[in-house]
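*Asks:* Pasting in a structure now, in structure tokens, and then I'll have a few things to ask.
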């Protein structure tokens, strides 16, 4: 079955709607801009950067959990918070040319929003503005939150591939 087309304001599994986008300025689906995935050529580089960021953050989270005393824990929390803020800023810059979702769901153990994310794999057969069309079920990969599937879409427009 072919899934519905995704647009800004369509729901994601983390409970936040796709936003801010911007979405396509040339293609409207159900009166909203079409949401697009990152082109394959750029997706590989972004995926590698996201994986490296995830590994670094996980290591800092483990350090925070393993801190033996309050002073060490405070230092670990500060390092983790700083690293998460830096990761969000760096990935926001790297993703700025694409339809970017900002997830407000907090990550744990140090609360920080999941932050920016993009769809790395969309339709292989439908391009919008030279970018793959995003659909319901495609995953927004977030800087601090991992995959966040798109759960909404325009049911009157279905997209294959």
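*Asks:* From the set of residues in segment 140-154 that are under 10 Å from the mean Cα position of the chain (by Cα) and in a strand (DSSP E or B), which is modelled with the lowest pLDDT?
*Replies:* 146
*Asks:* Looking at segment 125-134 only, could you name the residues that are crowded, with 24+ Cβ neighbours inside 10 Å and not in a loop (DSSP other than H, G, I, E, B)?
*Replies:* 132, 133
*Asks:* Could I ask something else about it? On the basis of being assigned to a strand (DSSP E or B) and closer than 13 Å to residue 37 by Cβ, does residue 122 make the cut?
*Replies:* no
*Asks:* Name every residue in segment 16-45 that is touching a strand residue (DSSP E or B) at 6+ places or on another chain (Cβ under 7 Å), outside any loop (DSSP other than H, G, I, E, B), in contact (Cβ under 8 Å) with a residue 40 or more places away in the chain and surrounded by 13 or more Cβ atoms within 10 Å (Cβ to Cβ), in order of residue number.
*Replies:* 21, 29, 36
*Asks:* Quick check on segment 135-159: of everything there that is buried (at least 20 other Cβ atoms within 10 Å of the Cβ) and in contact with a helix residue (DSSP H, G or I) (Cβ under 9 Å, 6 or more places away or on another chain), which residue is farthest from residue 87 (Cα to Cα)?
*Replies:* Restricting to residues being buried (at least 20 other Cβ atoms within 10 Å of the Cβ) and in contact with a helix residue (DSSP H, G or I) (Cβ under 9 Å, 6 or more places away or on another chain), the top hit is 141.
*Asks:* Further question on the same structure: Can you tell me which of 83, 76, 56, 94 is closer than 23 Å to residue 41 by Cβ, surrounded by fewer than 22 Cβ atoms within 10 Å (Cβ to Cβ) and touching a helix residue (DSSP H, G or I) at 6+ places or on another chain (Cβ under 8 Å)?
*Replies:* After applying the criteria, what remains is 94.
The values are calculated or read from the model by the stated rules, or taken from the named source; none is laboratory data. What you are looking at is a predicted structure, and each value in this text was computed from that prediction instead of being measured. Cβ: placed from backbone, ideal geometry, glycine included. Neighbour counts: every protein chain shown.
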